[in-house]
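Working notes, structure below.
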Amino acid sequence: MNYQDRILYAMQYFHGTLEAARQGLRAMALLWNFHPYSCKVQALEPHSMSPFEDLNGFRYHDNWLRNFLIASSCNGRGTAKPYKHKLD
C-alpha cells in the first residue's frame, strides 16, 4: 500500500472519470504482482522471481514481461499443468 500511495501522490491522485481511476489502479496492481524482485532478494531466494511466482508456485516464462502477458491472456483461467510457450 505504501508503494501505491507514493505513486498516487506523485501523479497528484486521480484525474478524469472513476472508471479511468479504477483501470489505472488495476494496471498498477497487475504490474506490481509481476515485477521481478531485486538482485538482493533473488540472492536470498533464488527459486523465486516475483510475487506472482510466490503466490502460484510456478512461472510460465523466465522473462517477467512475457510471464505477465501469458498469465493475463488466460483471462483468469488456470491451467492444470503449466507448459512452455513457444515464440513464433
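If neighbour count is taken as other Cβ atoms inside 10 Å, put Met28, Met49, Met11 in order from fewest to most. Intermediate results must be reported in sequence, preceding the final value.
On the way: Met28 15, Met49 20, Met11 11.
Going from least to most buried by this count: Met11, Met28, Met49.
Cut-off is 10 Å between beta-carbons; in what order do Ser38, Ser48 appear when sorted fewest neighbours first?
Details: Ser38 9, Ser48 15.
By the 10 Å Cβ count, ascending: Ser38, Ser48.
For the stretch 42-51, take each phi angle, set θ = phi - 60°, evaluate the Karplus expression 6.51 cos²θ - 1.76 cosθ + 1.60, and give the result in whole Hz per residue in order, putting x for glycine and proline.
5, 5, 6, 10, x, 7, 10, 10, 7, x
Counting other Cβ atoms within 10 Å, which trypsin sites (Lys or Arg not before Pro) in the stretch 8-61 have at most 16 and lie in a DSSP loop?
The qualifying sites: there are none.
Return the distance in nm (one decimal) between the two label points of a simple spin-label model at Tyr9 and Ser73, each offset 7 Å from Cα along Cα→Cβ.
A separation of 3.9 nm, rounded to one decimal place.
Values in this text are rule-based calculations from the coordinates and carry no lab data. Here the structure is a predicted model, which is why all the values come from computation and not from measurement. Here Cβ is always computed from backbone atoms with ideal geometry, including for glycine, and neighbour counts include all displayed protein chains.
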